[in-house]
1. Quick one: would you say LEU196 is touching a Gly at 6+ places or on another chain (Cβ under 8 Å) and either assigned to a helix (DSSP H, G or I) or at pLDDT 95 or above (or both)?
2. Going by what's in this entry, would GLU180 be described as within 19 Å of ILE244 (Cβ to Cβ), of a type in the set (Asp, Glu) and touching a helix residue (DSSP H, G or I) at 6+ places or on another chain (Cβ under 8 Å)?
3. What number of residues within region 102-142 satisfy the criterion of being closer than 15 Å to GLU229 by Cβ and among the charged types (D, E, K, R)?
4. Would you confirm, using the coordinates I've provided, whether GLY221 is assigned to a helix (DSSP H, G or I), among the small types (Gly, Ala, Ser), in contact (Cβ under 8 Å) with a residue 40 or more places away in the chain and over 25 Å from VAL165 (Cα atoms)?
5. Out of region 185-201, which residues are surrounded by 15 or more Cβ atoms within 10 Å (Cβ to Cβ) and farther than 16 Å from TYR242 by Cα?
6. Got at least one residue in region 212-226 being buried (at least 19 other Cβ atoms within 10 Å of the Cβ), out of contact with any Phe, Trp or Tyr (no Cβ under 6 Å at 6 or more places or on another chain) and over 30 Å from VAL57 (Cα atoms)?
7. Take the conditions charged (D, E, K, R) and modelled with pLDDT of 95 or more and apply them to GLU93. Does it pass?
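The values are calculated or read from the model by the stated rules, or taken from the named source; none is laboratory data. Note that the structure is predicted; figures quoted are calculated from it, not measured. Using ideal geometry, Cβ is built from the backbone for each residue, glycine included, and neighbour counts are taken over all protein chains shown.
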Amino acid sequence: MKADAMTTVQPLEIDFAGPWAPHRLRIYAGTGLFVGIMFVLLTIAVSLHVIPPTFTVDVVANLVFGIPVMLLPFVILWDAPGEQRTRVGKAAELTLFYIPFTAGSQIGYELMFLIGHPLGLWAPTDDPGWKWLWWQYGLADTRYVSGNPWVFALEIVGVCTGATVFVMWTRLIRSDLPIESRIRCLWVAFAGIAVLMSSTAVYFLSEVGAGFDDIGQGAFGFWFKFIGENVPFIVLPPLVLYAIYLQIDYLTRRAGVGDGGHPGATL
């Protein structure tokens, strides 16, 4: 009996609302804060003509805030000393990381392009002012500033879907969210991520069909901006969909055995 007691494996608690270790959360928040500050400072500097909107500034700025964003998803793999994580726990962290990651892109980037079209903000110019952040990407993918109907449609879908999944995220980070409600939010998030993944496929394949005629700024515009900065949105969505499936499957089983009213769960 003593030996059995010593070898009994206790179930691991899964915090679906906050599955990250403190060091990973600090990196997520720190990177987001750094990129946000860089965006604001560069926008102000270009608007006040402190920094000219040259190609050199474009390259340096994109390297400074682009590389951290591209590398950030790898932080999920960094365990704390002695940390024990289950597959479902990792799935929860990937989901809660990626939703604001992609929603921020859709709402922060696509929304501005969408608003700018009817207002005529994207006319050709050498002095973008406060529009620099969006203008510089339009130099690499000219579809954004040329009234391309494919991109216009994708902007509408992206903004609406991004806002929807972000609302789901604000619920999923609640520690008191009942299991049934969490399952419903995960289903909505699953549908939203699937839509965004499909939109990304259309975004790239439509340009493949055009022979990449709309891509500017040479090799930098193609490899770093068009491909590199979009790699997370190409690679991560299928993984996130599987991560959401794992959570829904696990939580549905827990709800089925009578734990449906409890926000926490064990594995």
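1. Details: touching a Gly at 6+ places or on another chain (Cβ under 8 Å): yes; either assigned to a helix (DSSP H, G or I) or at pLDDT 95 or above (or both): yes.
Yes: the conditions hold for LEU196.
2. Values: within 19 Å of ILE244 (Cβ to Cβ): yes; of a type in the set (Asp, Glu): yes; touching a helix residue (DSSP H, G or I) at 6+ places or on another chain (Cβ under 8 Å): yes.
Criteria met by GLU180.
3. Selection size over region 102-142: 2.
4. Numbers: assigned to a helix (DSSP H, G or I): yes; among the small types (Gly, Ala, Ser): yes; in contact (Cβ under 8 Å) with a residue 40 or more places away in the chain: yes; over 25 Å from VAL165 (Cα atoms): yes.
When the stated conditions are applied, GLY221 passes them.
5. Scanning region 185-201 gives SER199, THR200.
6. No - not one qualifying residue is present in region 212-226.
7. Values: charged (D, E, K, R): yes; modelled with pLDDT of 95 or more: yes.
Yes, satisfied.
Residue by residue, here is whether (1) modelled with pLDDT of 90 or more; (2) within 17 Å of ALA80 (Cα to Cα); (3) exposed (fewer than 11 other Cβ atoms within 10 Å of the Cβ) holds:
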residue	(1), (2), (3)
ASP4	no, no, yes
THR8	no, no, yes
PRO22	yes, yes, yes
LEU25	yes, yes, no
LEU33	yes, no, yes
ILE37	yes, no, no
VAL59	yes, no, no
